1. Please determine, by comparing only the residues of the range 38-57 that are more than 12 Å from the chain's Cα centre (by Cα) and closer than 23 Å to Gln91 by Cα, which one is surrounded by the most Cβ atoms within 10 Å (Cβ to Cβ).
2. Report, ordered by the first and then the second residue, all pairs with beta carbons closer than 6 Å, sequence separation of six or more or different chains, a first member in the range 90-112 that is modelled with pLDDT under 85, and a second member that is open to solvent by 40 Å² or more (accessible area, probe 1.4 Å) and assigned to a helix (DSSP H, G or I).
3. Inspect the range 28-47 for any residue being touching a residue at least 12 places away in the same chain (Cβ under 8 Å) and in a helix (DSSP H, G or I) and give the result as yes or no.
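The values are calculated or read from the model by the stated rules, or taken from the named source; none is laboratory data. What you are looking at is a predicted structure, and each value in this text was computed from that prediction instead of being measured. Here Cβ is always computed from backbone atoms with ideal geometry, including for glycine, and neighbour counts include all displayed protein chains. The protein model used for the area step is the full one, side chains on, heavy atoms only, and it has no ligands, DNA or RNA in it. Shrake-Rupley method; radii C 1.70, N 1.55, O 1.52, S 1.80 Å.
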Amino acid sequence: MEDFSEWMGSSEGVESMEALDCVFNAMDGARVDSSERRIIWPDGESLSIDQSVERIKKDSGFDGQVILSHLIGWLHMEYTPEGLDEEQMEQFEIQIESWVEYEKTLHPASDF
């Protein structure tokens, strides 16, 4: 825990938390089409994870790997689709996990 506190106070930790806020703000109002592996942005644009990272990077200037890590975190922990019953939610979570595992094969250096 002490190491984490030190990291949070470092320039890397501060930048990561700023990137986290940026990603979560950018994703506010976004939807996910897990079967197509697409993020539907609030403006209606349908983008892959890589395209979403590039969009956020272009607008913010944050490091792409940091954005990718936080975007995957948003998919795993923050995004909750509306109107799904328990079985549909389980299927959605399986699709998200499969999507994330696929992304890990594309980005082996990422720590997400």
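1. Across the range 38-57, the extreme among qualifying residues is Trp41.
2. Between residues of the range 90-112 that are modelled with pLDDT under 85 and residues that are open to solvent by 40 Å² or more (accessible area, probe 1.4 Å) and assigned to a helix (DSSP H, G or I), the close pairs are Ser110/Gln65.
3. Step one: filter the range 28-47 for residues touching a residue at least 12 places away in the same chain (Cβ under 8 Å), giving 28-35, 37, 39, 41-42, 46.
Subset that is in a helix (DSSP H, G or I): none.
No, that holds for no residue.
Rundown of residues vs (1) among the polar types (S, T, N, Q); (2) at pLDDT below 95; (3) closer than 21 Å to His107 by Cβ; (4) in a helix (DSSP H, G or I), yes/no style:
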{"residue": "Glu15", "(1), (2), (3), (4)": "no, yes, yes, yes"}
{"residue": "Cys22", "(1), (2), (3), (4)": "no, no, yes, yes"}
{"residue": "Ala26", "(1), (2), (3), (4)": "no, no, yes, yes"}
{"residue": "Arg55", "(1), (2), (3), (4)": "no, no, yes, yes"}
{"residue": "His76", "(1), (2), (3), (4)": "no, yes, yes, yes"}
{"residue": "Gly83", "(1), (2), (3), (4)": "no, yes, no, no"}
